[in-house]
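To keep things clear, I will list the structure first and then write my remarks on it.
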């Protein structure tokens, strides 16, 4: 029997239990925790279902793009300067992790790429090119994402309270348009994957869905339950990256990454509060958008808490672009200077 057959079952059970207790993003957080617990405590060798994470990102990315409209896009463009500043400040939170890991004796490349708030696979590839320990870079990136997924939705729900149940029920389910957007998103994702673009199965559907809504002034929503299916697929797949050996291998490294992530989240929150004074932007949305997490996880959190999904998605995409374009050149300048 393939060792991935039990993974979606365990994830579904965890998501259902989390939804019963009212946990934010229950189908992502619950499925993630269920798979991690079975792998780490019970010792089951659960593996990722082939294509599950890509399918989840495809559904979630399409749903994120549906929040865009001409009026919303105009508002985001008007505050472009603040968004770029927020993305740059979020990227600079990596200095906290670099300082902590360097003080503990880790080499410069490993400390740098393990602390950078970018995509895990992209940072591992950049780290390998520059002599970093690929295992520790992957561990640092995975642990940062795990902490953000577990902590940020819960903290924001505790702070903001539970939003109305129908906060995002506006829009119509139009099968013809949705199938067209889903097909376009999958096509662009396959093209991005062929060209080795970062996170193509999330960014491609977001771009196609957002452009469709803006150009044709569409007011659509996905059928009820689609977002939960996407969360379940992503959470179950993420949980397969953790094992007993992951946490036992370098406990000091794990503690340092946890501390660095917590301090980076605090610094990002303070920076967002300062930026909110400079523009007429919701400080809660700005703060969530500047958290050092992933685009899908934080956009879903914004959707669940009735915050500005386009603003938060824009901040996260800009931060990812900043890291991907500037991380390696800045590291090489640092190497030459030292």
message = Contact list please: Cβ distance under 6 Å, first residue in segment 177-188 and free of Cβ contacts under 8 Å to residues at least 40 places away in the same chain, second residue crowded, with 18+ Cβ neighbours inside 10 Å, pairs at least six apart or on different chains.
response = 184/208; 188/204; 188/208
query = Can you tell which of 176, 167, 183 is surrounded by fewer than 23 Cβ atoms within 10 Å (Cβ to Cβ), at pLDDT below 95 and more than 20 Å from residue 27 (Cβ to Cβ)?
reply = 176
query = Which residues, taken from segment 41-69, are farther than 21 Å from residue 202 by Cα and either surrounded by fewer than 23 Cβ atoms within 10 Å (Cβ to Cβ) or out of contact with any helix residue (DSSP H, G or I) (no Cβ under 7 Å at 6 or more places or on another chain) (or both)?
reply = 41, 42, 43, 44, 45, 47
note = Taking segment 192-210 and keeping only residues that are surrounded by fewer than 16 Cβ atoms within 10 Å (Cβ to Cβ) and assigned to a helix (DSSP H, G or I), one is left with 193, 194
request  = Check off (1) more than 28 Å from residue 115 (Cα to Cα); (2) at pLDDT below 90; (3) part of a helix (DSSP H, G or I) for residue 156 and give me the number that stays unchecked.
outcome  = (1)
inquiry  = So for segment 20-42 (the condition being assigned to a helix (DSSP H, G or I), over 20 Å from the mean Cα position of the chain (by Cα) and touching a residue at least 60 places away in the same chain (Cβ under 8 Å)), does at least one residue qualify?
reply    = yes
task = State all residues of segment 217-241 that are without any contact (Cβ under 8 Å) to a residue 12 or more places away in the chain and either buried (at least 24 other Cβ atoms within 10 Å of the Cβ) or under 15 Å from residue 174 (Cβ atoms) (or both); if no residue qualifies, say none.
result = 224
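Conditions (1) without any contact (Cβ under 8 Å) to a residue 12 or more places away in the chain; (2) surrounded by 15 or more Cβ atoms within 10 Å (Cβ to Cβ); (3) within 18 Å of the chain's Cα centre (by Cα), marked per residue:
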position: 269; (1), (2), (3): no, yes, yes
position: 275; (1), (2), (3): no, yes, no
position: 293; (1), (2), (3): no, yes, yes
position: 317; (1), (2), (3): no, yes, yes
position: 330; (1), (2), (3): yes, no, no
task = Can you give me the ranges of the helices (runs of 4 or more DSSP H) entirely in segment 261-338 with at least 3 residues that are under 19 Å from residue 98 (Cα atoms)?
result = 309-337
ask   = Taking segment 225-260, which residues are modelled with pLDDT under 90 and not in a helix (DSSP H, G or I)?
value = 241, 242, 243, 250
request  = Being in contact (Cβ under 8 Å) with a residue 24 or more places away in the chain and assigned to a loop (DSSP other than H, G, I, E, B) is the filter here, so list the residues in segment 43-58 that pass it.
outcome  = 43, 44, 45, 46, 47, 48, 49, 50
key: Selection status of residue 238, within 16 Å of the chain's Cα centre (by Cα) and closer than 19 Å to residue 318 by Cβ   = no
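Whether any residue in segment 182-190 is out of contact with any strand residue (DSSP E or B) (no Cβ under 6 Å at 6 or more places or on another chain) and farther than 30 Å from residue 125 by Cα is what I want to check. Write out each step before concluding.
First, the residues of segment 182-190 that are out of contact with any strand residue (DSSP E or B) (no Cβ under 6 Å at 6 or more places or on another chain): 182-190.
From the residues that got through so far, the ones that are farther than 30 Å from residue 125 by Cα too are none.
No, segment 182-190 contains no residue that is out of contact with any strand residue (DSSP E or B) (no Cβ under 6 Å at 6 or more places or on another chain) and farther than 30 Å from residue 125 by Cα.
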query = Just for segment 87-139: of the residues that are free of Cβ contacts under 8 Å to residues at least 40 places away in the same chain, in contact with a helix residue (DSSP H, G or I) (Cβ under 6 Å, 6 or more places away or on another chain) and not in a helix (DSSP H, G or I), which one is farthest from residue 332 (Cα to Cα)?
reply = 133
message = Restricting to segment 59-72, count the residues that are over 19 Å from the mean Cα position of the chain (by Cα) and either at positive phi or not in a helix (DSSP H, G or I) (or both).
response = 1
ask   = residue 306: within 19 Å of residue 26 (Cα to Cα), surrounded by fewer than 24 Cβ atoms within 10 Å (Cβ to Cβ) and touching a residue at least 24 places away in the same chain (Cβ under 8 Å), yes or no?
value = yes
inquiry  = Checking residue 273 against (1) at pLDDT below 90; (2) touching a helix residue (DSSP H, G or I) at 6+ places or on another chain (Cβ under 8 Å); (3) closer than 28 Å to residue 41 by Cβ: exactly one of these is not met. Which one?
reply    = (3)
task = For residue 83, state whether it is touching a helix residue (DSSP H, G or I) at 6+ places or on another chain (Cβ under 6 Å), surrounded by fewer than 19 Cβ atoms within 10 Å (Cβ to Cβ) and modelled with pLDDT under 90.
result = no
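The values are calculated or read from the model by the stated rules, or taken from the named source; none is laboratory data. This is a predicted model, so every value here is computed, not measured. Neighbour counts run over all protein chains shown; Cβ positions are idealised from the backbone, glycine included.
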